[in-house]
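The values are calculated or read from the model by the stated rules, or taken from the named source; none is laboratory data. Note that this is a predicted model, so its numbers are computed, not measured. Here the Cβ is made from the backbone with ideal geometry for all residues, glycine too, and neighbour counts use every protein chain on show.
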Amino acid sequence: MDSRLPPELRDGVRDAFPLLLGVIPFALVAGVAGVEAGLSPLQTVGLSVVVFAGASQLAAIDLLGRDAALGVVVVTVVVINLRMLMYSASIAPYFRDLSARVRAGCAYLLTDQAYALALARYTGDRELRRPYYYLGVAVTLWVVWQAGTVVGVVFGAAVPDGWRLGFAVPLVFLALLVPAVSDAPELATAVVAAAVAVAGAGLPFNAGLLAGAVVGVAVGIAADALLPGSGDGADATEGHR
Amino acid sequence: MTTGYGPLSVWAVIVVGGLATFAIRLSFIHLFGRVDEVPSPLRRALAYVPAAVLAALVAPDFAPATATPAALLTPEIVGGAAAVAVAWRTEDVLWTVAAGMVGLHLARFLL
């Protein structure tokens with residue numbers, strides 16, 4: 001790599017590499033699934049560039065494929081990405097000296113992984129030139145995400161339907177769901193959300209999905225308050241990325 | 001399943017979803033100094049959003065048509081069960097998807 005680059009930036013790029021093992025297959029699925037759901041190649045890549053948030057992209061593709069109401073698709077994307085409010089609040093102090101334009105760029109690139117790595121780095125050392133490490137991680141992830149989507153689009157269009165590559169979408173959701181269920185309130189959340197969604201599967205506009213999500217979150221909050229020993233819900237949030 | 005929506009509707013979803021997502025990302029980064037913290041009730045609710053939304057998203061894909069043993073043994077459910085087992089052990093997206101696809105096709109071949 002060019003030695004004129006700030007060392008912080010190079011550190012960020014280097015630290016992002018192990019993450020690519022998880023990012024590349026996810027990006028390929030986003031590309032394949034878009035084409036399988038009937039989006040054009042340009043729309044599928046556009047989704048990756050404009051939204052740039054994997055789980056919400058797959059949800060949008062899944063729902064568009066089922067002809068869900070457009071409002072439900074957008075609301076689902078928003079709900080899935082709401083977690084980034086917490087990242088935004090948590091990383092904001094480190095970006096406060098930057099210009100509004102650079103801050104907007106940093107915000108656009110904000111992902112689970114870039115947030116986690118940058119926060120771990122910044123809390124250890126106060127003297128860093130702040131955005132470089134973050135940008136090293138975030139830009140690497142962005143480039144690989146877009147390239148992976150393009151490869152997935154090309155590959156997905158060439159694969160016979162019998163391979164059932166579209167099935168990778170619910171499988172990715174399962175891969176994300178299982179680690180998100182690590183204690184009793186989260187288990188109650190998932191079970192109730194699933195039951196409500198299945199019961200409401202016949203509702204118009206895919207309203208069962210939103211009903212399941214809302215009721216699930218309410219059950220999680222209630223279970224957290226009721227179960228002994230689980231303490232204040234805000235504590236559980238601290239360790240949650 | 002392919003979408004019945006035309007290009008205009010799909011692009012509308014992409015643009016509106018993208019703008020909303022950007023607004024979420026920018027929120028506190030932009031407002032820092034005026035609003036420094038996520039209000040505590042919202043923070044508590046957000047902790048349960050991933051489990052709730054993901055469960056509600058996948059459940060209909062794997063729900064059996066009827067409550068008979070035969071309906072429980074579809075290739076999709078076998079693949080999903082394999083994926084959950086591997087996700088539990090590895091917490092890795094790549095291995096989870098691989099296990100689910102292998103499970104699906106093995107079950108299609110065997111059942």
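Residues that are within 23 Å of A:Val29 (Cβ to Cβ) and part of a helix (DSSP H, G or I): does the range A:97-111 have at least one? Checked the range A:97-111: at least one residue is within 23 Å of A:Val29 (Cβ to Cβ) and part of a helix (DSSP H, G or I). Within the range B:77-84, is there a residue that is at pLDDT below 90, under 23 Å from B:Leu106 (Cβ atoms) and in contact with a helix residue (DSSP H, G or I) (Cβ under 8 Å, 6 or more places away or on another chain)? No, there is no match, as no residue in the range B:77-84 is at pLDDT below 90, under 23 Å from B:Leu106 (Cβ atoms) and in contact with a helix residue (DSSP H, G or I) (Cβ under 8 Å, 6 or more places away or on another chain).
This table checks each residue for (1) aliphatic (A, V, I, L, M); (2) farther than 23 Å from A:Val102 by Cβ; (3) loosely packed, with under 15 Cβ neighbours inside 10 Å.
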site	(1), (2), (3)
B:Gly17	no, yes, no
B:Leu42	yes, yes, yes
B:Leu46	yes, yes, no
B:Val49	yes, yes, no
B:Trp88	no, yes, yes
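The rows are residues; the columns are (1) surrounded by fewer than 22 Cβ atoms within 10 Å (Cβ to Cβ); (2) at pLDDT below 90; (3) more than 8 Å from every other protein chain (Cβ to nearest Cβ); (4) over 26 Å from B:Val35 (Cβ atoms).
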| position | (1), (2), (3), (4) |
| --- | --- |
| A:Asn81 | no, no, no, no |
| A:Arg96 | yes, yes, no, no |
| A:Tyr115 | no, no, yes, no |
| A:Thr123 | yes, yes, yes, no |
| A:Ala157 | yes, yes, yes, yes |
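The residue that is surrounded by the most Cβ atoms within 10 Å (Cβ to Cβ), counting only those in the range A:159-191 that are facing chain B (nearest Cβ under 7 Å) and small (Gly, Ala, Ser), is A:Ala168.
Might you check whether a residue that is in contact with a His (Cβ under 7 Å, 6 or more places away or on another chain) and at the interface with chain A (Cβ under 9 Å from one of its Cβ atoms) occurs anywhere in the range B:93-110? Give the derivation first.
Narrowing the range B:93-110 to residues in contact with a His (Cβ under 7 Å, 6 or more places away or on another chain): none.
Looking for residues that are in contact with a His (Cβ under 7 Å, 6 or more places away or on another chain) and at the interface with chain A (Cβ under 9 Å from one of its Cβ atoms), one finds none in the range B:93-110, hence no.
Looking across B:Ala56, B:Ala47, one residue alone is of a type in the set (Gly, Ala, Ser), at pLDDT below 90 and on the phi < 0 side of the Ramachandran plot. It is B:Ala47.
Given A:Val169, A:Val153, which one is of a type outside the set (Lys, Arg) and over 17 Å from the mean Cα position of the chain (by Cα)?
Only one candidate passes the filter, namely A:Val153.
Within the range A:87-104, being touching a residue at least 24 places away in the same chain (Cβ under 8 Å) and closer than 15 Å to A:Ala53 by Cα holds for one residue alone: A:Tyr87.
It is to be established whether one or more residues within the range B:28-45 are among the acidic types (Asp, Glu) and either part of a helix (DSSP H, G or I) or within 24 Å of A:Ser48 (Cα to Cα) (or both). No, because not a single residue in the range B:28-45 is among the acidic types (Asp, Glu) and either part of a helix (DSSP H, G or I) or within 24 Å of A:Ser48 (Cα to Cα) (or both).
Considering the range B:29-39, the residues that are at pLDDT 85 or above and facing another protein chain (nearest Cβ under 7 Å) include one that is nearest to the chain's Cα centre (by Cα), namely B:Ile29. Would the range A:182-191 turn up any residue that is in a helix (DSSP H, G or I), among the β-branched types (Val, Ile, Thr), at pLDDT 95 or above and within 30 Å of B:Arg44 (Cβ to Cβ)? The answer is yes; a qualifying residue exists.
Applying the selection to the range A:29-49, what residues are buried (at least 21 other Cβ atoms within 10 Å of the Cβ) and either more than 11 Å from A:Val169 (Cα to Cα) or touching a Pro at 6+ places or on another chain (Cβ under 9 Å) (or both)? The answer is A:Gly31, A:Gly34, A:Val35, A:Leu39, A:Gln43, A:Thr44, A:Leu47, A:Ser48. Selection of the range A:126-176 for residues being outside any helix (DSSP H, G or I) and in contact (Cβ under 8 Å) with a residue 40 or more places away in the chain yields A:Leu128, A:Arg129, A:Val159. Across the range B:6-28, the number of residues qualifying as at pLDDT 95 or above and aromatic (Phe, Trp, Tyr) comes to 2.
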